[in-house]
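Here the structure is laid out as structure tokens; the discussion comes afterwards.
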Amino acid sequence: MQAALVTGGSRGIGLAIALELARRGITRLAITARTDEKLPQTKKVLGAAGAEVLVFRADVRDYEVMAAVVAETTRAFGSIGILVNNAGVAQRKTFLQTGRTEWDEIIDVNLKGVLVCTALVLPRMVANGKGLIINIASGAGKAGFPELSVYCASKFGVVGFTESLAREVSGSGVRVYAVCPGSTDTRMYRSLYPEREPGKKPEDVARVVGRLVAGELQVSPGRCVEVY
């Protein structure tokens, strides 16, 4: 039975994706989050859904930490067949209001974190001749929005990386996609836009991921599947 690694999986879209995977029979799950706050409850919720769960406090920016996560997951579950790069951060500020420390955090978590996790799981996927990588990007990776300039830059990067990598691994048995949600009811979105009502729920995004996993969507690898 294949295992899945979901980053930023303790709440919101990440948790909804993990639950969707469990519902579809992907019951060996490794979940990461930057804090311990929600991980015990996440393990309980996913366990109640029938999953065997490993949880890790881990920052996707840290190559050595994520290497340890991948190694422990591989020892416990065997090869990681599905990687969902979901961890992300955002700030709603104009570019001139955004400091260099904030540039680094947004770019490093949202883009470098995708590179780190992909680099750690892709070689074995290629060696096995199969695997699935799904990068959770954003509608802000397809169009620029004011007061989200650095966030948009990071998500445009994820979309471009997805397209390039899909072409590089074409014929290897590894599929790579991006999912680009619009406004979704998460803690991040509510913090950015407290004055607006989101149009989608995390479960809407999770269902699209589930359909990609099951091969139910006729989408070419490298594409960004929009959820609006």
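The values are calculated or read from the model by the stated rules, or taken from the named source; none is laboratory data. Keep in mind that this is a model prediction, so the values were computed, not measured. Positions of Cβ are backbone-derived with ideal geometry, glycine not excepted, and every protein chain shown enters the neighbour counts. For the accessible areas, the whole protein counts, side chains as well, though only heavy atoms, and no ligand, DNA or RNA atoms are used. Shrake-Rupley method; radii C 1.70, N 1.55, O 1.52, S 1.80 Å.
Evaluated at q = 0.10, 0.12, 0.13, 0.19 Å⁻¹, the base-10 log of the normalised Debye intensity for segment 2-123, with identical point scatterers placed on the Cα atoms, takes the values -0.30, -0.42, -0.49, -0.96. Model label sites at residue 128 and residue 191, defined 7 Å from Cα along the beta-carbon direction, differ in position by 3.3 nm.
Please work out the average accessible area per residue across the chain, using the 1.4 Å probe convention, and give it in Å².
Dividing the accessible area of the chain by its residue count gives 46 Å².
Entry note, the chain: the mean residue ellipticity at 222 nm calculated from DSSP H runs of n ≥ 4, each adding -39500 (n - 2.57), is -14000 deg cm²/dmol after division by the residues and rounding to the nearest 500.
Once fully extended, how much extra length lies between residue 44 and residue 214, figured as 0.36 nm per residue of separation less the alpha-carbon to alpha-carbon distance?
Gain on stretching residue 44 to residue 214: 58.7 nm.
For segment 82-149, the extents of the C-alpha atoms along the principal axes are 46, 23, 12 Å, listed from largest to smallest. Comparing 91, 41, 218 in a Gaussian network model of the chain (Cα springs below 10 Å), the most mobile by mean-square fluctuation is 218. For the chain, how big is the tail of P(r) above 29 Å, as a whole percent of Cα pairs? Value for the chain (Cα pairs over 29 Å): 19 percent. For residue 30, nonlocal amide neighbours, meaning residues 5 or more places apart or on other chains whose placed amide H falls under 5 Å from its own, are 4, 5, 6, 54. For segment 32-41, putting each phi into the Karplus relation 6.51 cos²θ - 1.76 cosθ + 1.60 with θ = phi - 60° gives couplings of 10, 8, 6, 10, 7, 3, 9, 4, x, 5 Hz, in residue order, rounded to whole numbers and with x for Gly and Pro. Between the Cα long axis of helix 63-77 and the first principal axis of the chain there is an angle of about 30°, rounded to the nearest 10.
Here the Gaussian network model covers the chain, with springs between Cα atoms less than 10 Å apart; of 99, 131, 160, 99 fluctuates the most.
Would you work out if segment 93-216 is rounded, prolate or oblate? Take a ≥ b ≥ c from the square roots of the eigenvalues of the alpha-carbon gyration tensor; rounded if a/c is under 1.5, else prolate when a/b is larger than b/c, oblate otherwise. It comes out oblate by the Cα gyration axes. For the chain, set up a Gaussian network in which alpha carbons nearer than 10 Å are linked by springs, and say which option among 149, 170, 138 fluctuates the most. Comparing 149, 170, 138 in a Gaussian network model of the chain, the most mobile one is 170.
Rolling a 1.4 Å probe over the protein chains gives residue 156 an accessible area of about 100 Å². Once both labels are modelled 7 Å past Cα along the beta-carbon direction, what's the residue 97-residue 145 spacing in nm? So the label points at residue 97 and residue 145 sit 1.5 nm apart.
Summarising the amide proton neighbourhood of residue 175: residues at separation of 5 or more, or on other chains, whose placed amide H is nearer than 5 Å comprise 131, 132, 133.
Using a cutoff of 8 angstrom between alpha carbon atoms and counting only pairs six or more residues apart, the relative contact order for the chain works out to 20 percent. Placing 94, 162 in order of accessible area, with the largest value first and a 1.4 Å probe, yields 94, 162.
Calculate what fraction, in whole %, of the accessible area of the chain sits on carbon and sulfur atoms when a 1.4 Å probe is rolled over the protein chains. Don't skip to the end; give the middle numbers.
Working: 5390 of 10590 Å².
Ligands and nucleic acids excluded, carbon and sulfur reach 51 percent.
Taking amide H as placed 1.01 Å from N in the peptide plane, residue 227 has its amide H under 5 Å from the amide H of 180, 182, each at least 5 places away in sequence or on another chain.
Computed from backbone phi, the HN-Hα couplings of segment 48-59 come to 5, 8, x, 8, 8, 10, 10, 10, 9, 7, 7, 9 Hz, rounded to whole numbers (Karplus: 6.51 cos²θ - 1.76 cosθ + 1.60, θ = phi - 60°; Gly and Pro given as x).
Computed from backbone phi, the HN-Hα couplings of segment 21-30 come to 4, 4, 4, 8, x, 8, 9, 9, 10, 10 Hz, rounded to whole numbers (Karplus: 6.51 cos²θ - 1.76 cosθ + 1.60, θ = phi - 60°; Gly and Pro given as x). Across segment 53-174, Cα pairs under 8 Å and at least six residues apart give a relative contact order of 31 percent. Mind giving me the FRET efficiency for residue 68 and residue 112? R0 is 25 Å, r the Cβ-Cβ distance, nearest 0.05 is fine. Between residue 68 and residue 112 the formula returns 0.90.
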